[in-house]
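Any read-out appearing in this document is the output of simple, stated calculations on the displayed coordinates, not a laboratory observation. Bear in mind that the values here come from a model prediction, so they are computed numbers and not experimental data. Don't worry about glycine lacking a Cβ; one is built from the backbone with ideal geometry, like all the others, and counts go over all protein chains shown.
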Amino acid sequence: MRSWLFVPGNSEKKLAKSLATAADAVIVDLEDSVALNDKESARVITSSFLRETSRASPALWVRVNALDTGLTDEDLDAVMAARPAGIMLPKSLSGKDVTHLDAKLTVLEARHNIDDGDTQICVVATETAASLFTLGTYMGSSPRLSALTWGAEDLSADLGAQTSRDGDGKLTDPYRLARALCLSGAVAASAQPLDTVFVNFHNEPGLKEECEAACSDGFTGKMAIHPNQIDIINQAFTPSLDAIQRAQVIVAAFADAGNAGVVAIDGEMLDRPHLRRAETVLTRAELAKNK
């Protein structure tokens with residue numbers, strides 16, 4: 001999924017509007033965008049929204065409160081009967097937190113007659129300094145784990161930084177490190193790597209540039225905080241016609257060559273990693289076509 005749109009779980013109006021966007025996934029938020037005294041009403045609104053909306057398109061996810069808040073169980077109890085496509089876990093410290101959440105979901109799926117393993121997990125994996133040292137632990141943590149993403153704002157607060165970006169709007173070194181570790185951790189765990197939000201939703205050129213850079217590095221989607229960001233994200237993470245045609249040529253050349261380790265195309269020698277990249281492009285193109 002290319003675009004993941006955050007929507008406050010206590011806003012019926014914004015939830016309804018989210019369905020009119022081209023977002024691949026809507027993340028109904030019970031965490032940061034909902035004040036403590038609004039948590040219960042947000043759970044009620046979120047549950048009702050999930051029950052009344054098809055989960056097919058967009059996929060409907062719920063971001064619960066972090067495990068150390070004491071609010072996670074109440075969130076899950078309120079929404080799991082409504083069968084969200086997945087749960088986003090914020091402020092995860094390691095793969096152990098995913099395993100912990102997996103156990104909770106297994107119990108709730110059984111209670112509500114949901115197929116075991118049907119509820120997926122996405123993790124926000126870099127929101128504390130400690131979490132940067134555990135990005136390799138998500139591999140094997142749960143078969144439910146389908147995506148990892150990262151966050152700069154909570155991390156900057158934990159580090160005591162003044163900002164996460166320089167005067168040109170570029171990420172500074174601590175956050176570039178977090179981004180790179182998240183990408184590697186996600187790929188190692190066979191999960192989709194998702195780039196973080198771009199908070200200045202009025203800066204469309206900046207968003208486009210950041211999307212293109214993320215896609216070039218290996219991210220396959222990006223989170224959004226405003227509906228106006230969705231089309232830019234979808235376009236950036238959908239392979240271009242030229243990229244698709246090039247990938248088709250590479251795949252065909254390897255197929256024609258049998259089990260060769262290297263093929264020559266237009267005077268360029270390409271090996272098996274090029275084939276894997278080409279196959280990934282075609283897979284992403286097919287997924288985008290079906291949205």
### Query
Rg/Rh for the range 213-254: what does it come to with C-alpha atoms and Rh from Kirkwood?
1.12
### Estimated D of the range 118-246 in µm² per second, where Rh is the Kirkwood radius over Cα pairs and Stokes-Einstein applies at 4 °C, 1.567 mPa s
85 µm²/s
### Query
What ranking do 202, 112 get, fewest neighbouring Cβ atoms within 10 angstrom at the top?
202, 112
### Query
What is the projected area of the convex hull of the Cα atoms of the chain, averaged over all directions, in nm²?
16.7 nm²
## Note on the structure
Measuring from the longest principal axis of the C-alpha atoms of the chain, the long axis of helix 39-52 (C-alpha) lies at a number of degrees, nearest 10, equal to 60 degrees
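For the range 100-244, what relative contact order do you get, as a whole percent, if you take Cα pairs closer than 8 Å and at least 6 residues apart?
On the way: 193 pairs, mean separation 27.8, N = 145.
This gives 19 percent for the range 100-244.
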### Message
Under 20 °C and 1.002 mPa s, how fast does the range 241-289 diffuse according to Stokes-Einstein, given a Kirkwood radius computed over C-alpha pairs? Answer in µm²/s, whole number.
### Response
196 µm²/s
### Message
Tell me the relative contact order for the chain as a rounded percent, counting alpha carbon contacts under 8 Å between residues six or more apart.
### Response
15 percent
### Helix-only CD estimate at 222 nm, as mean residue ellipticity for the chain, using -39500 (n - 2.57) per DSSP H run (n ≥ 4)
-13500 deg cm²/dmol
### Query
Under the definition of Cα pairs under 8 Å and six or more residues apart, what whole-number percent is the relative contact order of the range 1-66?
39 percent
### Summary
About its Cα centre, the range 3-236 carries a charge dipole, from +1 on Lys and Arg Cβ atoms and -1 on Asp and Glu Cβ atoms, whose size in debye to the nearest 20 is 300 debye
### Message
Please compute, for the alpha-carbon atoms of the range 1-121, the extent along each of the three principal axes and give them in descending order in Å.
### Response
36, 32, 26
### Query
Cα axis of helix 241-256 to longest principal axis of the chain: angle in degrees, 0 to 90, nearest 10?
60 degrees
### Task
Determine, for the chain, the count of lysine pairs separated by eight or more sequence positions (or lying on different chains) whose alpha-carbon distance falls under 19 Å.
12
### Task
Mind giving me the nanometre distance, one decimal, between the label points for residue 22 and residue 199, set 7 Å out from Cα along Cα→Cβ?
2.8 nm
### Task
Alpha carbons only, please: Rg and Dmax for the range 41-186, in angstrom.
16.2, 52
